[in-house]
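Throughout, read-outs are computed from the coordinates displayed, never taken from laboratory work. None of these values were measured; they are calculated from a predicted model. Don't worry about glycine lacking a Cβ; one is built from the backbone with ideal geometry, like all the others, and counts go over all protein chains shown.
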Amino acid sequence: MLKKITLFFLWVCASTFGQCFDGFQIGSYHVVSIKSNGTLWGWGESDAGNLGNTNSINSSSFQIGSSTDWLKVSAGPYNTFIIKNNGTLWAMGDGRYGLLGNGSTTTINPTLQQIGTASNWQKISASTQMTIGLKTDGTIWGWGQNDQYEMGNNTCCANQLTPIQIGTANHWVDIEGTSWGATVFALKNDGTIWGWGLNTGGLLGNSTVMARSIPTQLNADTDWASIHVGVAHILALKTNGTLWSWGGGNMDKLEIISLHPIIETHQLKSVQVLGLKYLLDGKYPLELNLMVPYGHGGLMM
């Protein structure tokens, strides 16, 4: 298995004119990546236009467009968001509920299009329900479905078709949304963790509430460093190097952990394999990319 993984990464770096891919973003059935020369590449399914065409199968990697100034890419389940070197945001693919933020609910969008005119986008986290964006000025923005308070502005339930600011705070440093759901997490520069939207599996810290309508601090800790969110569970890393998790545990990701993560988060063990960190709770390995739903595309040992 280790030999196969090694050969896979060697092939990825050696193929296609010798330019290496700079990481991978995995949607439900498509993969996108930016090469070291700033070009955008993808392969997999593109029925919604998430790879710039409407092919059901793209069995080999191909360049998407001709631009050479792409900086960051983020794959939603059926759409793709890319940030250019100049900070502008571009998108293609599934636009249901306003997921692309282009003012439309058209499902199939195979043409790359700029989203708004802002030139300070830093990160995008996309799900089947909503899209959340972080700007370099520390503000958070959202668009898409809002039936579970995904927009965090205490309103429900009309779709938000263009980016809208969530709250007024301007010291957010990271964002993550559940890949197939309506829950959002964010970190502030003071090390606190916040959440809003649907309270799936007790993700938001209290099993007695269905949803949180505004960003709400989940506990009093001030040493959270990064967050990674799956379908119904979260992995959160602290500054002391310990890893914590809470939420639902279906699909063999985690055993059911807690409906009260503020009180009963579980610390996990980790092991290094080929430089890739596998996170273990007992005997069950987790996927490398928590964006992948139902186990599709995960590298399992």
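What the table below lists for this structure:
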{"quantity": "Pair Cys156, Thr105: separation of 7 Å Cα→Cβ label points (nm)", "calculated": "1.8"}
{"quantity": "Label-point separation, Asp22 to Ser67 (7 Å along Cα→Cβ), nm", "calculated": "1.4"}
{"quantity": "Convex hull volume of the range 129-258 per residue (C-alpha atoms, cubic angstrom)", "calculated": "97"}
{"quantity": "The range 124-176-the range 22-49 distance, computed between alpha-carbon centres (Å)", "calculated": "24"}
{"quantity": "Sequence of Glu176, Glu45, Glu150 once ranked by neighbouring C-beta atoms within 10 Å, starting from the fewest", "calculated": "Glu45, Glu176, Glu150"}
{"quantity": "Per-residue Cβ neighbour rank within 10 angstrom, fewest leading, Phe81, Phe21", "calculated": "Phe21, Phe81"}
{"quantity": "Fewest-first ranking of Met130, Met210, using other Cβ atoms within 10 Å as the exposure measure", "calculated": "Met210, Met130"}
{"quantity": "Mean Cα-pair separation over length for the range 63-198, i.e. relative contact order, pairs under 8 Å, 6 or more apart, %", "calculated": "19"}
{"quantity": "Mean separation of Cα contacts under 8 Å, 6 or more apart, over the residue count of the range 20-119: relative contact order %", "calculated": "23"}
{"quantity": "Distant alpha-carbon pairs in the range 27-135 (separation over 18 angstrom), percent", "calculated": "40"}
{"quantity": "When each of Lys84/Lys238; Lys35/Lys188; Lys84/Lys188; Lys35/Lys238; Lys72/Lys135 is checked by Cα-Cα distance, pairs over 19 Å", "calculated": "Lys84/Lys238; Lys35/Lys188; Lys84/Lys188; Lys35/Lys238"}
{"quantity": "Span from the the range 85-107 Cα centroid across to the the range 210-227 one, whole angstrom", "calculated": "27"}
{"quantity": "Dipole-positive endmost among Asn85, Ala75, Asn58 within the range 20-119 (Cβ charges, Cα centre)", "calculated": "Asn85"}
